[in-house]
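Before any comments, here is the structure.
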Amino acid sequence: MPVIQRHGGKVDKYLGDGILASFGAIGPGGSHAADLCRAVEELDRSARAWRAERCQRGLQAPPVGMAGAAGDVVFGTVGHETRLEYTVIGEVVNLAVKLEKHTKREGVAVLLTRQALDLATAQGYRPRVALRQMPGCRVEGIDDPVDLVALVAD
């Protein structure tokens with residue numbers, strides 16, 4: 001996916017109608033959270049343009065949800081000698097997957113953890129869209145409330 005690669009990310013998996021990408025897992029950089037945020041902003045713009053074009057043509061335009069979180073992961077090749085696959089695993093990966101599903105419940109296209117946004121800001125990220133603070137959200141499959149931020153396009 002060119003947008004993800006342009007922002008220093010790597011597509012790890014195709015998951016049915018979704019993808020899992022990581023930023024900063026396999027190489028040093030110090031801007032992984034900022035890169036993630038820039039990528040989701042651009043992906044959201046692309047998804048909105050795609051949906052608008054489909055609507056104009058009278059075609060179905062399903063909603064597109066994205067989520068991001070920052071934290072430690074373990075990465076590497078897993079599997080068997082007949083089928084090896086690069087992947088990232090860890091609590092933050094599970095959180096990101098659950099947050100993507102949570103976008104539907106919140107009726108938003110993009111959710112980030114507050115922690116990921118704070119780290120991205122410290123790394124030089126400046127949002128080009130409005131942000132909606134969502135403190136103390138209950139996310140299915142996560143025990144403790146999570147402080148979230150929705151990126152809100154115009």
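Data table
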item: Unique match (being open to solvent by less than 30 Å² (accessible area, probe 1.4 Å), under 23 Å from Cys137 (Cα atoms) and in a loop (DSSP other than H, G, I, E, B)) among Ala33, Ala70, Ala61; result: Ala70
item: Hits in segment 36-58 - residues which are surrounded by fewer than 16 Cβ atoms within 10 Å (Cβ to Cβ) and touching a residue at least 60 places away in the same chain (Cβ under 8 Å); result: Arg45, Arg48
item: Qualifying residue in segment 99-111 (condition: out of contact with any Asp or Glu (no Cβ under 9 Å at 6 or more places or on another chain), open to solvent by 20 Å² or more (accessible area, probe 1.4 Å) and polar (S, T, N, Q)); result: no
item: Failed criterion for Glu41 (all others in (1) touching a Leu at 6+ places or on another chain (Cβ under 8 Å); (2) farther than 20 Å from Tyr125 by Cα hold); result: (2)
item: Residue list for segment 100-147, restricted to those being closer than 16 Å to Leu43 by Cα, in contact (Cβ under 8 Å) with a residue 60 or more places away in the chain and either among the aromatic types (Phe, Trp, Tyr) or not in a loop (DSSP other than H, G, I, E, B) (or both); result: Glu100, Val110, Leu112, Tyr125
item: Residues of segment 73-97 classified as open to solvent by 90 Å² or more (accessible area, probe 1.4 Å), of a type in the set (S, T, N, Q) and within 18 Å of the chain's Cα centre (by Cα), total; result: 0
item: Selection count, segment 10-28, where residues are open to solvent by 70 Å² or more (accessible area, probe 1.4 Å), within 25 Å of Ala122 (Cβ to Cβ) and not in a strand (DSSP E or B); result: 2
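The values are calculated or read from the model by the stated rules, or taken from the named source; none is laboratory data. For clarity, every value in this text was computed on a predicted model and none was experimentally measured. Backbone-built Cβ (ideal geometry, glycine too); neighbour counts: all protein chains shown. Remember, those area values only see protein heavy atoms, side chains included, never the ligands or the DNA or RNA. Shrake-Rupley method; radii C 1.70, N 1.55, O 1.52, S 1.80 Å.
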